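Novice: To start, I am sharing the structure in question, which I have written as structure tokens.
The values are calculated or read from the model by the stated rules, or taken from the named source; none is laboratory data. Since this is a predicted model, take the numbers as computed values, not measurements. Cβ: placed from backbone, ideal geometry, glycine included. Neighbour counts: every protein chain shown. Only protein heavy atoms, including side chains, enter the accessible area calculation; ligands, DNA and RNA are left aside. Shrake-Rupley method; radii C 1.70, N 1.55, O 1.52, S 1.80 Å.
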Amino acid sequence: MSNVVIIAGSPSKRSRLTGLIDYSAGKLGEAGLTVNIIHVADLPAEDVVQAKFDSPAIQDALALVQAADAVIVSTPVYKAAYSGVLKLFLDLVPQEGLKGKLALPLVIGGSIAHLLAIDYALKPVLAALGGRHILGGVYAVDQGIERLEDGTYALSAEIAARLDRALEELVLTLSRESITIS
């Protein structure tokens, strides 16, 4: 069984990005994958900002990344780039920390104008960390994700369809790689 970690790079769990994360975790779980979520905002702020590699919380989070077959990196777009919260966490990941791992960027922004943040800001960092195969990613405009009264989220049909395609590609790629020839 493949193991996927989702790095949630939003400073708030109330972000509509949580809708993308929850949807993705649910779909991957239905496909039989083990999914862990690292909410960077839940890590001790002092440990993240001061890069305290000896922090048990940081060590646990980095162990989840190390053990993963695939990493979904999710972030809101701020100032045409990924969040500072995500940047601080990615700085803790070892130089080759994504080596041999499949990577899928999930990005949310206020308008379509920030779509290229995936290709020009996030993908280069994932490649620098050794990501061997970085999928196209999904960019969602936050108006396409509705926060419901019960605290859950509803994705527009268009966003759900694009996310389904990206997750299907991730699952298929992982399943192809788990087949070994003796």
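Novice: Quick check on my link table: of Lys13/Lys101; Lys87/Lys123; Lys79/Lys123; Lys27/Lys99; Lys99/Lys123, which ones sit more than 23 Å apart, alpha carbon to alpha carbon?
Specialist: Listed pairs above 23 Å: Lys13/Lys101; Lys27/Lys99.
Novice: Shape of the range 1-74 from its Cα gyration tensor (a ≥ b ≥ c, root eigenvalues): rounded if a/c is under 1.5, otherwise prolate when a/b > b/c, or oblate?
Specialist: It comes out oblate by the Cα gyration axes.
Novice: Quick one: pull the percent of accessible area on the range 103-182 belonging to carbon and sulfur, 1.4 Å probe, ligands and nucleic acids left out.
Specialist: Carbon and sulfur: 57 percent of the exposed surface of the range 103-182.
Novice: In the range 21-76, what percent of the accessible surface is made up of carbon and sulfur (1.4 Å probe, ligands and nucleic acids excluded)?
Specialist: Of the solvent-accessible surface of the range 21-76, carbon and sulfur hold 51 percent.
Novice: Which residues make up the longest stretch of the chain that has no GluC sites (Glu not before Pro) in a DSSP loop with at most 12 other Cβ atoms within 10 Å?
Specialist: My reading of the result: 1-95 is the longest stretch.
Novice: The range 46-145: which trypsin sites (Lys or Arg not before Pro) are DSSP loop and have at most 13 other beta-carbon atoms within 10 angstrom?
Specialist: Within the range 46-145, the qualifying trypsin sites (Lys or Arg not before Pro) (loop, at most 13 other Cβ atoms within 10 Å) are Lys79, Arg132.
Novice: Let me ask something else. Near the amide H of Gly9, under 5 Å away, which other amide H atoms are found, from residues 5 or more places off or on another chain, if H is placed in the peptide plane?
Specialist: Under 5 Å from the amide H of Gly9: Ser74, Thr75.
Novice: Please list, ordered by chain and number, the residues whose modelled amide H lies under 5 Å from the amide H of Tyr153; skip anything fewer than 5 residues away on the same chain.
Specialist: Counting only residues 5 or more places away or on other chains, the set is Leu148.
Novice: May I pose another question? Please give the direction-averaged projected area of the C-alpha convex hull for the range 119-182, in square nanometres with one decimal.
Specialist: One quarter of the hull surface, i.e. the mean projection, equals 6.6 nm².
Novice: Dividing the alpha-carbon Rg of the chain by 2.2 N^0.38 Å yields what?
Specialist: Expressed relative to 2.2 N^0.38 Å, the Cα Rg reads 0.98.
Novice: Sum -39500 (n - 2.57) across every DSSP H segment of at least 4 residues in the chain, then divide by the residue count to get the 222 nm mean residue ellipticity, nearest 500.
Specialist: Rounded to the nearest 500, the figure is -11000 deg cm²/dmol.
Novice: Give the Rg/Rh ratio for the range 50-150, taking Rg as the radius of gyration of the Cα atoms and Rh as the Kirkwood radius, to two decimals.
Specialist: 1.00
Novice: Related question: Give me the 1.4 Å probe accessible area per residue for the range 1-151, excluding ligands and nucleic acids, in Å².
Specialist: 46
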